[in-house]
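The block underneath contains the structure these notes are about, expressed in structure tokens.
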Amino acid sequence: MMPIETRTATPGRASGKPRVVILGGGSGGLELAAQLGGSKDLEIVLVDREPSHLWKPRLHEFAAGTISSSLAELSFYLLGQLRGFRFEQGTVAGLDREARHVRLEPIRDRAGTVVAHEREIAYDWCIVALGGVVPDFDTQGVAEHAIRLDAKEDADRFRERFVAEMIEARTTGRPAEVVIVGSGATGTELAAYLRRSERAFFDQTDADRRTKLLGITILEAAPEIMPGADDGLRDKLVERLGTLGIEVETSVKVASVTPSEVCDERGKSWPADLVVWAAGLVGAPRLTALGLETDEKGRIPVDATLRSSVDERVYVMGDAAAFVPKGADKPLPPTAQAASQQASYLAAVLPLLVRGEPVEPFRYDDKGRIVSLAAAGTVGRIGVGAKDDLLIHGQFATAAYHALQRQHQWRVLGALRGTVAIAADMVSPAKGPALKLHGG
């Protein structure tokens with residue numbers, strides 16, 4: 001394929017170097033900032049509304065209480081010092097693409113008082129990595145009565161409710177009922193880790209451990225669980241979920257969620273003390289404020305180099321991007337794997353773009369799909385070059401599941417600090433159920 005020509009950037013506003021502003025400190029955005037930070041040719045600014053980074057693929061574990069988020073959070077301020085980029089905390093309000101400015105909303109305290117005024121950050125190149133959110137499809141009652149695991153505060157809210165429901169179940173003898181809508185990785189993994197967390201609420205007698213304190217049901221709108229997975233992986237998932245006593249129902253189109261049940265379009269209902277809405281992913285609502293083209297899922301279409309369709313100085317990556325690989329008929333699914341590969345690609349080509357040199361297109365290497373089901377083990381399918389993909393399970397699958405986060409830690413922290421962080425995580429006492437039934 002012929003390389004794609006680009007134009008040279010104007011000088012940066014502060015350091016005399018061209019400035020790259022990265023919007024969003026998720027897995028891809030932070031990896032890009034860390035890899036480009038300290039560059040002698042570029043000034044790197046990372047923008048995020050939160051002060052710290054949490055690796056989103058583990059939100060289900062934080063929600064279930066099987067690990068502590070404090071062990072996995074990384075301060076953007078500290079990372080900026082360590083990796084040589086500037087961090088600006090704030091919520092993106094929009095882009096002035098003509099002036100090449102990012103606008104940030106004022107920061108308010110809990111009482112609503114403005115404590116930091118609206119700001120503008122000049123850029124020469126802007127990278128949009130604002131991520132995605134779980135849509136409710138205008139389903140009645142979702143906003144009021146269901147929890148979507150889009151951010152750390154969602155996981156914290158779910159965990160608080162889950163603990164309270166489990167204490168009530170232990171007191172009354174009536175099992176708490178959790179209904180999860182959506183059978184993708186988030187839904188299936190959360191279900192498995194909730195079953196693991198149930199053990200923390202048992203008295204440690206054989207008779208007590210045989211009681212049931214938690215009912216878990218997964219509802220899927222498609223005719224089969226985990227749409228897009230191959231039959232071999234799907235069969236393994238169904239088998240493992242069955243061993244955990246997790247009910248799975250397919251072809252269920254949810255019509256409403258109430259404080260006590262989930263109802264489908266046919267009038268069938270499922271009792272629910274807690275509802276998790278994990279039905280897919282679309283572009284974050286903030287993407288529409290950028291003045292860029294978006295598709296039916298709210299994501300920004302990009303070309304072969306991840307450049308936005310309407311502005312040659314704006315690139316898009318991760319869950320925010322609608323990137324269609326060569327020969328494919330639909331965009332890549334929103335995964336941490338895709339975001340990480342796009343971060344590495346942009347880290348390599350941005351210095352070339354700034355110098356006006358041609359760049360090769362982004363090529364996605366699908367390394368497979370792996371799902372961790374806690375006590376029921378890990379299953380997945382990984383790519384093995386030109387050969388057929390390999391269905392894996394057991395310890396090898398578990399190692400492969402953790403490899404993506406290990407790679408993320410290395411890229412964000414560097415080889416030495418990343419290795420130390422990995423070692424600390426591996427020996428952490430929070431590897432088992434970390435739910436606490438007491439204050440403090």
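Take the Cβ atoms of Arg199 and Glu357, set R0 to 45 Å, and the FRET efficiency comes out at 0.20. Taking label positions 7 Å along the Cα-Cβ direction at both Val114 and Glu312, the computed distance is 3.7 nm, reported to one decimal.
Of the residues Asp48, Asp138, Asp264, the one with the fewest other Cβ atoms within 10 Å heads the list, and the complete ranking is Asp138, Asp264, Asp48.
Mind giving me the FRET efficiency for Asp156 and Ala99? R0 is 41 Å, r the Cβ-Cβ distance, nearest 0.05 is fine. Approximately 0.60, to the nearest 0.05. In this label model, Lys253 and Asp231 are separated by 2.6 nm, measuring between points 7 Å along each Cα→Cβ vector. Taking 7 Å steps out from each Cα toward its Cβ at Lys268 and Thr172 produces label points 2.5 nm apart. Region 170-185 and region 74-98 have their alpha-carbon centroids 38 Å apart.
Around Ala169, what is the net charge, scoring Lys/Arg as +1 and Asp/Glu as -1 over all other residues with Cβ under 12 Å from its Cβ?
-2
We did not get these values from a lab; they are worked out from the coordinates using the rules stated. Every value quoted in this text rests on a predicted model; they were computed, and no experiment measured them. Here the Cβ is made from the backbone with ideal geometry for all residues, glycine too, and neighbour counts use every protein chain on show.
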